[in-house]
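The values are calculated or read from the model by the stated rules, or taken from the named source; none is laboratory data. Predicted model, so just to flag it, every value in this text is computed and none were measured. Neighbour counts are summed over all protein chains in view; Cβ atoms, including those assigned to glycine, are modelled from backbone coordinates with ideal geometry. The protein model used for the area step is the full one, side chains on, heavy atoms only, and it has no ligands, DNA or RNA in it. Shrake-Rupley method; radii C 1.70, N 1.55, O 1.52, S 1.80 Å.
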Amino acid sequence: MKRLFTLPLILLCAVFTFQAAAQVPEGYYSSLKGKREGELKTAIHNLVCNFTEVSSYSDLPKYFQRTDVYPESRRWWDMYSDIPLYAPSFAGLNREHSFPKSWWGGSTSVSAYVDLNHLYPSESKANMAKSNYPLGTVDRTSSIKFDNGITTVGYPVQGQGGGAGFVFEPDDEYKGDFARTYFYMVTCYQDLTWKYTYMVNQNLFPTLNKWSAELLMKWHREDGVSEKETLRNEQVYQIQNNRNPFIDHPELAEYLWGNRVGEAFDPGAGSEPVGDPNLITPTQGMELEFGQVALGKSVTSRLFFRGENLKGSFDLVIIGTDKAQFAVPSNSIAASLVNAPDGYWLNVTYKPSELGMHEARLIVSEGGITGSRGIILRGECLEVPELTACTATAPSDITADSYVANWESPADETVDYWIVTRTRYTGGTSTQEELLAEDTSLLINEFDQSDSESYSVQSVRLGYRSPMSNVVFVDHAGISGVQTDQPFTVQVFEGMVRLNMSQPQTGLRVYDITGRQILFIPEVHNNFEFELPCGPYLITTDQSRTPAKIVI
């Protein structure tokens, strides 16, 4: 079994610096004592929903080296495939949201977007195959859509799927891992409005649908907490200051969706106030990783403080050779703020003034505690990147409701990820959205909800974007045009039109619904604006003959 490895190997490997047993801080779960059902679920939500977000989405592979690597071999621990890929290279892998981001609408502003408690490395083909399908049991009597020996995608057995056409079934040894991940997600983010409700509903309690709760509880019971999960939970806590309670206390799930619903929960030893000053978090050796930052930029991260019976105030001091690269807003914190039920968030800023790796320590002392706590601060400063435009290429695998957008990116440039600008044309109107991609292709769903579409691409490095690529148009009969020369996109406001383009264009023509040309402008530039009366129109230029369709 892949999940079994020996303790000595872990302790000898630098990537795993934590202990084998879960080191839950004393008092961490005290707020759950005596609560039941919805009140218990909300108490868990309040405990874990505020956490230190990782420095950036692009830095996730660096964190995965601490959370998802076989300690004895540096092989990526991929729960979606069995292909031997090794750290630190992330080639062939994706940053996978095991709880699909499309279920909450895909917004990058939602903390779930960078929450390591449900983010895992995944081989790219398996990731694309599982799409945003719900977890479920695949009907083996029907044809299988995808099967690599670890990930299976196919039709669901009767009673599962929640209306989805397909389900994703993980290997038996990881079913409990995914179940506990989903328990965490539907609790930590219980207050989100779900766009897709295959497995969830809009209620704070129990959030899981009946069929999905039964399935996940079955997997949870049959595949118990592994050493892999316990160790990973410790590393995630060190990185982002919260834990998955369903790994620390597997029995919690029974109180919410199982055979102990209605009973009051007791976390057991360590949950009772002891009267002595107790700084629950941060713990000794916790790290704030700021990732890679371009020279001239700064990044602020948050460190959570929570405790009991603390007194006076805490002293804060940053030490180390690189201490000047980091800053906190004050050199003290009142103990009363840390004792408060909601705890206290300390902003720590990394604003490097020189290139290179930087590391320092934030020392926390006083407040009634014995000794001090040392928190590692780490970041890397790089030159501002110079990015060139990508080339959008023809889409592939066009179906009634999906297609794959493709593009080429300069091979000699380091790219964190790509932003695909998707434009949908429906009934003469157009809407845009930005989608994040990790490879030079992206599966686009819900194509059946538009008359036609187009896409363009930008690469992203250290928060900087490349110039926009050319635009590729797609319709339901196939490709309607690949515009490689100076494309433009259109934004429509009330009575006004704005053009976006990478270079000036000539011969702007606007046609009404009868095909009559009503406007000609010899030359236009980026952000050029003009007014039109109400009605539908087509717009072309000499450089972009495929018409843009708009309605005022």
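Expressed as a whole percent, the accessible surface of the chain that belongs to carbon and sulfur atoms is 50, based on a 1.4 Å probe. Solvent exposure of segment 216-263 amounts to 28 Å² per residue of accessible area, where only protein heavy atoms count and the probe is 1.4 Å. Rounded to the nearest 20, the Cβ-based charge dipole of segment 362-408 about its Cα centre (Lys and Arg +1, Asp and Glu -1) stands at 380 debye. The distance from the alpha carbon centre of segment 381-438 to that of segment 73-113 is 19 Å, rounded to a whole number. If you line up the long axis of helix 210-222 against the longest principal axis of the chain, both from Cα atoms, how many degrees apart are they, to the nearest 10? Computed tilt is about 50 degrees. Helical content alone sets the calculated 222 nm signal of the chain at -4500 deg cm²/dmol, taking -39,500 (n - 2.57) per DSSP H segment of four or more residues and averaging over every residue. Name the aspartates and glutamates eligible as straight-distance cross-link partners of K41: C-alpha to C-alpha under 16 Å, and not fewer than 8 places from it in the same chain. Partners found: D191, D248, E251, E254, E263, D266. Computed packing ranks the peptides 507-519, 235-247 as 235-247, 507-519, most packed first, by mean other Cβ atoms within 10 Å.
Taken about its Cα centre, the chain carries a charge dipole of roughly 460 debye when the Cβ of each Lys and Arg holds +1 and the Cβ of each Asp and Glu holds -1.
Looking at the square roots a ≥ b ≥ c of the eigenvalues of the Cα gyration tensor of segment 303-415, which shape do they give, rounded for a/c under 1.5, prolate if a/b is larger than b/c, or oblate? Since a/c reaches 1.5 but b/c is at least a/b, the shape of segment 303-415 is classed as oblate. Here the 3J(HN,Hα) profile of segment 442-450, calculated from phi with Karplus coefficients 6.51, -1.76 and 1.60 at θ = phi - 60°, is 8, 6, 9, 9, 6, 5, 6, 9, 9 Hz, Gly and Pro shown as x.
Assuming charge only on the beta carbon of Lys and Arg (+1) and of Asp and Glu (-1), the dipole of segment 433-552 about its Cα centre is about 400 debye to the nearest 20. Between F326, L499, Y196, the Cα set farthest toward the positive side of the dipole of the chain (charges on each charged residue's Cβ, about the Cα centre) is that of F326. A simple rule links phi to the HN-Hα coupling: the Karplus curve 6.51 cos²θ - 1.76 cosθ + 1.60 with θ = phi - 60°, which for segment 348-364 gives 10, 10, 10, 10, x, 10, 8, 6, x, 7, 10, 8, 8, 10, 9, 9, 10 Hz, with x for Gly and Pro. Its relative contact order, with pairs defined as Cα atoms under 8 Å and 6+ residues apart, puts the chain at 10 percent. Cα centroid separation, segment 118-134 to segment 306-358: 37 Å.
Angle, helix 175-188 long axis vs. longest principal axis of the chain, Cα atoms, 0 to 90°, nearest 10? Its long axis makes an angle of about 80 degrees. Available extension along the chain between E214 and W345 is 43.4 nm, counting 0.36 nm per residue and deducting the alpha carbon span. In plain terms, the chain from E446 to S107 could stretch by 120.4 nm, reckoned as 0.36 nm per residue minus the Cα-Cα distance.
Anisotropy class assigned to segment 151-231 is oblate, per the alpha carbon gyration tensor with a/c at or over the 1.5 cut-off and a/b no larger than b/c.
A protection proxy built from the mean count of other Cβ atoms within 10 Å ranks the segments 30-42, 179-191, 400-412, most packed first, as 179-191, 30-42, 400-412.
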